[in-house]
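Any read-out appearing in this document is the output of simple, stated calculations on the displayed coordinates, not a laboratory observation. Source: prediction; values computed, not measured. FYI the Cβ positions are ideal-geometry reconstructions off the backbone, even for glycines, and counts take in every protein chain you see.
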Amino acid sequence: MRGKIMASVAALGVMASLAGCSGGSEQAANGSNEIVNNSATAEVAASVERLDPALDAVIAPDAKIEKVASGFAFTEGPVWYKGRLWFADLPNNRVVATTADGKTETVIEESGGTPTPSTSGFKGSNGMVVDKDGTLLITQHAARQIARVDDEMKITTFLDKFEGKRLNSPNDLVYAPDGALWFTDPSYGLAKQNDDPAKEIKFNGVYRYKDGKLTAAIKDLTMPNGLGFSPDGKVLYVANSGPAMALWRYDVAADGTVSNGKPLAEWPGSADDVPDGLKVDSAGNIWATGPGGIRIIAPDGKVLGQIKLPEVAANLGWADDGKTAYITASTSIYRIPLAGRGQMPLYVKP
């Protein structure tokens, strides 16, 4: 879905250590804060680029990025659930859970909704969110639906149609503070995407579901992807993956209608890594994945800093009551502690 990139290490960056590696680590001979890992695993170059002093209240200057687990094909859709981080290994058509110390287990096979292994890389599952009853809602690309996973791991259809037509391939989802479920529905899961003859809905929408009613809130984005809300629920943020790569901002009325849509941040040109998943912290800052890493953007659009990893960061999720950010980045899972707090999902099952 997105090519790998190697993040450069800024002079003020924080170098990553490998969590749970054998052999320990030692400070580099040049006296920098680089961590040299004495193990078979290659050194991980990662950094926090500080563009504004306000970032110190979000990520402490001495914060360290850790690699928690690795060996996957392309990771996405993280959510802290039942004491572990659950995430999609999208091309491998499965959901994996990892403990904080990196012990992994496949918890859902054929998570995309079909037994056929993915050949395009887009047929697995993607975003996940905890529902109010403690079950899990997951987006399934191949099945073109949002499904519910109950405590017995039984999977049933939750939403699969809009006005009688099949959804494209639901991608990411979030509960707004008012209890409405919002999700994006680009065409990534279709073999020919927008040109696929199986595509029944003409647009790639952003939807709102509440009180049994599904509404297409936004119809004019080309490839809507990650989405999130300001802590008060009055602003919606949506990542548009392309061709024009941007983070869009919308005012949200009490009835769920949106207005005043405009780009808050843009990524000119083209890149293998595109605006993808995002999260909002308790101060209202948007953590937006995109070319070059994860930008941390203030509500007024000012970029406070950027997390740079040696792999493409596709998404992130909060844990430890918002004090830790877990990042899904291509083949690996990373984490970084916060000085502030992430805005935890409306419903949690820790």
Legend entry - Sites Thr114 and Glu163 - FRET efficiency at Förster radius 22 Å, r taken between beta-carbons, to 0.05: 0.35
Inset, instruction - Measure off 7 Å from each Cα along the Cα-to-Cβ vector at Glu105 and Thr215, then give the distance between these two points in nanometres to one decimal. - result: 4.2 nm
Legend entry - Surrounding net charge for Gln306, when Lys and Arg each add one and Asp and Glu each subtract one, Cβ distance under 10 Å: +2
Legend entry - Over the chain, relative contact order from alpha-carbon pairs under 8 Å, at least 6 apart, %: 18 percent
Legend entry - Charge context of Arg144, other residues only, Cβ under 13 angstrom, K/R +1, D/E -1: +1
Inset, instruction - Lys and Arg at +1, Asp and Glu at -1: add these up for the other residues within a Cβ distance under 11 Å of Leu316 and post the number. - result: -1
Inset, instruction - Quantify how much of the Cα-Cα distance distribution of region 270-332 extends past 19 Å, in percent. - result: 26 percent
Legend entry - Alpha-carbon Rg/Rh ratio, for region 122-176, with Rh computed the Kirkwood way: 0.96
Inset, instruction - Per residue of region 183-191, in order, report the coupling 6.51 cos²θ - 1.76 cosθ + 1.60 (Karplus, θ = phi - 60°) as ³J(HN,Hα) in whole Hz, putting x for Gly and Pro. - result: 8, 9, 9, x, 10, 4, x, 8, 4
Inset, instruction - Please give the direction-averaged projected area of the C-alpha convex hull for region 161-213, in square nanometres with one decimal. - result: 3.6 nm²
Inset, instruction - For Leu304, enumerate residues with amide H under 5 Å from its amide H, sequence gap 5+ or separate chain, H modeled in the peptide plane. - result: Ile296, Ile297, Ala298
Legend entry - Estimated FRET transfer efficiency when R0 is 22 angstrom, pair Asp62-Arg341 (beta carbons, to 0.05): 0.80
Inset, instruction - Express the Stokes-Einstein translational diffusion coefficient of region 203-350 in µm² s⁻¹, to the nearest whole number, given a Kirkwood radius over alpha-carbon pairs, 37 °C and a viscosity of 0.692 mPa s. - result: 209 µm²/s
Legend entry - Cβ crowding within 10 Å averaged over residues, with 72-84, 336-348 ranked highest first: 72-84, 336-348
Inset, instruction - Determine, for each peptide in 268-280, 287-299, the mean count of other beta carbons within 10 angstrom over its residues, then list the peptides with the highest first. - result: 287-299, 268-280
Inset, instruction - Quick one: which residues, 5+ away or cross-chain, put their amide H under 5 Å from the amide H of Ala265? H built at 1.01 Å from N. - result: Leu247
Inset, instruction - Run the numbers on region 211-350 and let me know its relative contact order in percent, using alpha-carbon pairs under 8 Å that are six or more apart. - result: 15 percent
